[in-house]
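To keep things clear, I will list the structure first and then write my remarks on it.
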Amino acid sequence: MRAIAKTQPAPGQIMEIEVPPPTLGPSQVLLRVGGGGLCGTDLSIRRWDADIAAEYAPAFPHVLGHEFAGRIEAVGSDVEGIAIGAMSTVTPHINCGRCFYCNNGRHSLCTQRRIMGCHAPGGLAEQVAVPADNVFVLPDGTDPLVAAVIEPLTVACHAVLERVPITASDVALVMGAGPVALLHLLVAQAAGAAAVIVAGVAADATRLAIARQLGAVTVDQDSEDLAAAVRRVAPRGADVAYDASGHHDALAAALPALRRGGRLGIVGYCHAAAPFHSLPLALDEKELIGCRAYNRGTWVRSTALAAALTGQLRQLITHVLPFAEIDRAFTLLERRECMKVVVLPDG
Ligand SMILES: [Zn+2]
Ligand SMILES: [Zn+2]
């Protein structure tokens, strides 16, 4: 069968190749993949960054894809209660289920966690066999492309509904204008935010326009002071903020825009030191909260929310490309000439 794989532990080396079809274990289900999303993690795997290479250390060829969905084509002999033909999404996290964190429902902190598409084979293939426990069956009629982007939606649900929850009437600030940032916008709106401000830079002009179409107030930080712009919407400052930019300047920019007692979730991965002044943080009792991926329960929320947000999620999917155009997909991602890119086995 055809799959998108990294063929060697070196920069680049990602292509459509022929791989053996998966064998179905007794506690697994076989999925006919209907689409998979690409994200910054896939770009890091493409570049083969040193930290990624050391942490993931997969076998080669390594099938990519941690954001994917499809129809159930077969179920293993021990699997009950999952119907053939059901549209399903998959949590790519393989948790140990036994550690302190798993036993406390903090699956994102599992000390033995492996991720499909990162450490283990992923879902950018015609078919994939996954543990039945990782499958979340979606309502009949779910758009397969929407199903393919539920994984990053789940990341936004973890931050906005669980780690730094929004109270109805809150004003939320989102740093960054990429797909994960705009997913935070959508979840914040669904959670009852009075207004959501999305902050980008001049290079994000196209992405900020999409954010405005989705109902955000946008700020171009290259031409406007962020704290002043936020106070035009929320005179005290934003109640909550989420950094989905991963930029080392984001904390220093966002903290003055936050009201006293406000909370800021750190979602984007920043690989450099991010300087900020701690005194205002102490005096104003602001809080910085780490947000990593999601727990199993987060998927119950995100899969329910995906149905309500179908129209908006479709707006975020700017490119749907066949596996054969994987190079173009990565070029779009690298140049930020896209929002969400979904690839399919068939064009
Ligand atoms: Zn991702
Ligand atoms: Zn664990």
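Structure notes:
- Subtracting the Cα-Cα distance of E18 and A307 from 0.36 nm times their residue separation leaves 100.6 nm of extension gain.
- The residues neighbouring Q312, those whose beta-carbon lies less than 14 Å from its own, together hold a net charge of +2 under the Lys/Arg +1, Asp/Glu -1 convention.
- Table column - 3J(HN,Hα) (Hz), the stretch 175-191, Karplus curve with 6.51, -1.76, 1.60, x for Gly and Pro: 8, x, 9, x, x, 5, 4, 6, 5, 4, 4, 5, 5, 5, 5, 5, 7
- Amide H to amide H, with H built 1.01 Å from N, A238 comes under 5 Å of L258, R259, counting only residues 5 or more places away or on other chains.
- Gain on full stretching of the segment that runs from A50 to R71 - 0.36 nm per residue minus C-alpha separation: 4.0 nm
- Electrostatic bookkeeping for A120 treats Lys and Arg as +1 and Asp and Glu as -1; over the other residues with beta carbon under 11 Å from its beta carbon, the sum is +2.
- Residues in the stretch 218-258 that a label on R336 would reach, taking backbone N under 12 Å of a point 7 Å out along Cα→Cβ: 220-222, 245-248
- Within the stretch 1-132, percent of DSSP bridges classed antiparallel, to nearest 5: 95 percent
- Distance from the Cα centroid of the stretch 134-196 to that of the stretch 95-109 is 23 Å (rounded to whole angstrom).
- Using θ = phi - 60° and Karplus 6.51 cos²θ - 1.76 cosθ + 1.60, couplings along the stretch 207-220 (whole Hz; Gly, Pro as x): 5, 5, 5, 5, 4, 5, 4, 8, x, 7, 8, 10, 10, 9
- Among 329-342, 143-156, 233-246, 265-278, sorting by the average number of other beta carbon atoms lying within 10 angstrom of each residue, highest first, gives 143-156, 233-246, 329-342, 265-278.
- Phi angles of the stretch 148-158 translate, via the Karplus equation with coefficients 6.51, -1.76, 1.60 and θ = phi - 60°, into HN-Hα couplings of 6, 10, 5, 4, x, 4, 5, 4, 5, 5, 4 Hz per residue; Gly and Pro are given as x.
- Given charges at Cβ of Lys, Arg, Asp, Glu: the stretch 24-175 dipole, positive-most of V63, G141, Q127: V63
- Working ranking of peptides 181-192, 220-231, 25-36 by packing, defined as the average number of other Cβ atoms within 10 Å per residue, highest first, is 181-192, 25-36, 220-231.
- Entry note, the chain: the mean residue ellipticity at 222 nm calculated from DSSP H runs of n ≥ 4, each adding -39500 (n - 2.57), is -7500 deg cm²/dmol after division by the residues and rounding to the nearest 500.
- Magnitude of the charge dipole for the stretch 165-290, about its Cα centre and with charges confined to Cβ atoms of Lys, Arg (+1) and Asp, Glu (-1), is about 260 debye.
- The residue among A228, G192, V174 whose Cα reaches farthest toward the positive pole of the charge dipole of the stretch 165-290, with charges on the beta-carbon of Lys, Arg, Asp and Glu, is G192.
- Sequence ranges 202-209, 90-97, 300-307, ranked by mean other-Cβ count within 10 angstrom, highest first: 90-97, 300-307, 202-209
- Cα long-axis angle, helix 296-308 against the chain (0 to 90 degrees, to the nearest 10): 80 degrees
None of the figures in this text is laboratory data; all of them are computed from the coordinates on show. Just so you know, these numbers come straight off a predicted model, no measurement behind them. So basically every Cβ, Gly included, is an ideal-geometry build from the backbone, and we count neighbours across all protein chains shown.
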